[in-house]
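Asks: Below is one structure. I have some questions about it.
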Amino acid sequence: MTEPDYQIDSVSPDVKPKERSEFRALRVTLAIVSVAFVVGSLVRDREALLSALSFSGKNILIIFALLILYFISYAYRFVVLIDKHCRCRIDLLTWIRMLVVVRFMNNLVPQMGSIYRGITLKRDYGVPYTDFISANVFFIWTDTLFNFLLAIILVVAVGAHLELFGMPVEQFILLAFIAVLIAPFLASKVLTYAPQSSKLLKKLAHVNQQLLEGLKDPKYMLGTTAIALVSFGLMGWVFKLLLLAVDVDVPISTLAVFYALYRLTFHVNITPGNIGVRELAYGLLCSEAQIGMAKGLLISTELRILSVLVLLIVGMAVSSKEILSTWRTYRKAGRAGLERKVASESAAE
């Protein structure tokens with residue numbers, strides 16, 4: 001739901017318009033097919049749908065409260081992150097406003113929210129695009145590592161009896177953890193042999209260096225880890241309540257795997273907002289956990305709906321007029337126009 005936001009997108013600003021249009025059409029088609037499959041599966045499994053109707057009003061209110069607190073904790077992570085990496089102090093309320101717009105934009109137009117955030121930080125606070133990108137890459141890297149490591153520890157300690165792609169889940173996540181962990185160190189070695197005349201490669205080297213520098217501050221790392229633990233606790237509780245509503249109880253280790261997948265679907269964007277894709281991922285995970293694909297599809301769909309409602313509530317609370325005005329302005333400019341603006345200004349830095 002409410003979060004992150006710097007999404008990885010394989011389309012760069014220099015992609016030709018025809019290629020961009022074809023890729024956008026492919027994404028939309030994939031989203032439609034995925035949503036159709038999810039809806040069809042839920043309609044066929046009436047038992048799962050009926051279980052959703054048994055959701056108590058009390059539990060819905062608790063989930064709303066947990067999701068709001070989760071969104072606030074996520075926003076606070078960015079307060080700390082930007083203060084550390086960009087030497088820019090921005091208050092929590094401003095970040096909440098910004099992230100509401102970011103989430104809505106990324107749900108409707110892939111990556112536009114991330115572009116908007118970079119432009120806003122540059123325009124209002126003088127944050128260079130390279131520093132902004134460095135901070136976001138650091139966030140994605142450490143967030144993914146933390147979630148994978150937490151899942152591995154809890155699965156080993158408690159057990160989850162899950163398999164992914166034919167191997168025990170702890171082995172699969174361990175391999176993913178190692179790959180993510182060594183990626184910036186390998187990149188650092190490769191970039192030392194890169195031509196020094198390339199401005200782009202120099203910026204990539206700067207981003208990679210900033211990423212590794214962040215690890216050298218134990219107080220900062222301890223603080224961000226503590227916030228990440230709070231976020232896991234809040235979202236783990238949400239998953240627990242959603243699963244109990246369909247008469248399923250799972251250990252905390254399985255909740256950790258669910259949370260790691262949840263966060264990953266915000267960092268890697270396939271369809272707008274990963275609509276359909278996230279639901280399918282949870283359906284497959286629940287199928288492997290002997291919970292049932294239909295129930296996995298159901299809880300992920302419920303989580304998406306509740307998250308959007310929470311986003312609307314938070315948006316109206318902090319400044320609905322400002323958010324709508326900002327959305328109209330950036331939507332009119334279009335993603336391609338914004339990308340060209342970022343590319344030209346970034347080249348001048």
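The values are calculated or read from the model by the stated rules, or taken from the named source; none is laboratory data. Since the structure is predicted, the reported quantities are computational estimates derived from the model, not experimental observations. Glycine also receives a Cβ, built like all others from the backbone with ideal geometry; neighbour counts cover every protein chain displayed.
Asks: Any residue at all in the stretch 40-47 that's modelled with pLDDT under 90 and of a type in the set (A, V, I, L, M, F, W, C)?
Replies: Yes: one or more hits.
Asks: Which members of the stretch 80-92 meet the condition of being under 20 Å from the mean Cα position of the chain (by Cα) and surrounded by fewer than 19 Cβ atoms within 10 Å (Cβ to Cβ)?
Replies: Across the stretch 80-92, the qualifying residues are V80, L92.
Asks: Filter the stretch 38-63 for residues that are touching a Leu at 6+ places or on another chain (Cβ under 7 Å) and of a type outside the set (A, V, I, L, M); which is surrounded by the most Cβ atoms within 10 Å (Cβ to Cβ)?
Replies: S41
Asks: Among the listed residues T130, T142, identify the single one that is at pLDDT 85 or above, among the hydroxyl-bearing types (S, T, Y) and closer than 22 Å to K216 by Cα.
Replies: Only one candidate passes the filter, namely T142.
Asks: I252 versus (1) in contact with a Gly (Cβ under 8 Å, 6 or more places away or on another chain); (2) buried (at least 20 other Cβ atoms within 10 Å of the Cβ): which is the lone unmet condition?
Replies: (2)
Asks: Shifting gears a bit: Here is a list: T254, T265, T224. Which entry is touching a residue at least 24 places away in the same chain (Cβ under 8 Å) and under 30 Å from V109 (Cα atoms)?
Replies: So the residue among T254, T265, T224 that is touching a residue at least 24 places away in the same chain (Cβ under 8 Å) and under 30 Å from V109 (Cα atoms) is T224.
Asks: Let me ask something additional. Determine which single condition L149 fails, assuming it passes every other condition in (1) over 20 Å from the mean Cα position of the chain (by Cα); (2) surrounded by fewer than 19 Cβ atoms within 10 Å (Cβ to Cβ); (3) closer than 29 Å to F185 by Cα; (4) touching a residue at least 24 places away in the same chain (Cβ under 8 Å).
Replies: (1)
Asks: What helices (runs of 4 or more DSSP H) completely inside the stretch 149-255 contain at least 3 residues that are touching a Phe, Trp or Tyr at 6+ places or on another chain (Cβ under 7 Å) and within 30 Å of S56 (Cα to Cα)?
Replies: It comes to 218-245.
Every residue, every condition in (1) surrounded by fewer than 14 Cβ atoms within 10 Å (Cβ to Cβ); (2) closer than 17 Å to L149 by Cβ; (3) of a type in the set (S, T, Y), yes or no:
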position: F172; (1), (2), (3): no, yes, no
position: A179; (1), (2), (3): yes, yes, no
position: Y193; (1), (2), (3): yes, no, yes
position: L201; (1), (2), (3): no, no, no
position: N208; (1), (2), (3): no, no, no
position: L212; (1), (2), (3): no, no, no
position: K216; (1), (2), (3): yes, no, no
position: V230; (1), (2), (3): no, yes, no
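Asks: Taking the condition assigned to a helix (DSSP H, G or I) and in contact with a Phe, Trp or Tyr (Cβ under 7 Å, 6 or more places away or on another chain), does G273 pass?
Replies: No; evaluated as a whole, the condition is false for this residue.
Asks: Residues G126, G113, G118: which one is more than 28 Å from L229 (Cα to Cα) and small (G, A, S)?
Replies: Just a single option satisfies the conditions, and that option is G126.
Asks: Same structure, new question: Report yes if R117 is touching a Gly at 6+ places or on another chain (Cβ under 9 Å), surrounded by 14 or more Cβ atoms within 10 Å (Cβ to Cβ), closer than 30 Å to M316 by Cα and modelled with pLDDT of 80 or more, otherwise no.
Replies: It is false that R117 is touching a Gly at 6+ places or on another chain (Cβ under 9 Å), surrounded by 14 or more Cβ atoms within 10 Å (Cβ to Cβ), closer than 30 Å to M316 by Cα and modelled with pLDDT of 80 or more.
Asks: Here are the criteria: (1) surrounded by fewer than 18 Cβ atoms within 10 Å (Cβ to Cβ); (2) of a type outside the set (F, W, Y); (3) at pLDDT 85 or above. Tell me which single one M316 does not satisfy.
Replies: (3)
Asks: Looking at the stretch 57-141, what helices (runs of 4 or more DSSP H) fall wholly within it and have at least 3 residues that are within 30 Å of L181 (Cβ to Cβ) and either out of contact with any helix residue (DSSP H, G or I) (no Cβ under 9 Å at 6 or more places or on another chain) or of a type in the set (S, T, Y) (or both)?
Replies: Correct list: 57-85.
Asks: Would it be correct to say that M98 is at pLDDT below 85 and buried (at least 17 other Cβ atoms within 10 Å of the Cβ)?
Replies: Considered against the rule, which asks whether it is at pLDDT below 85 and buried (at least 17 other Cβ atoms within 10 Å of the Cβ), M98 comes out as no.
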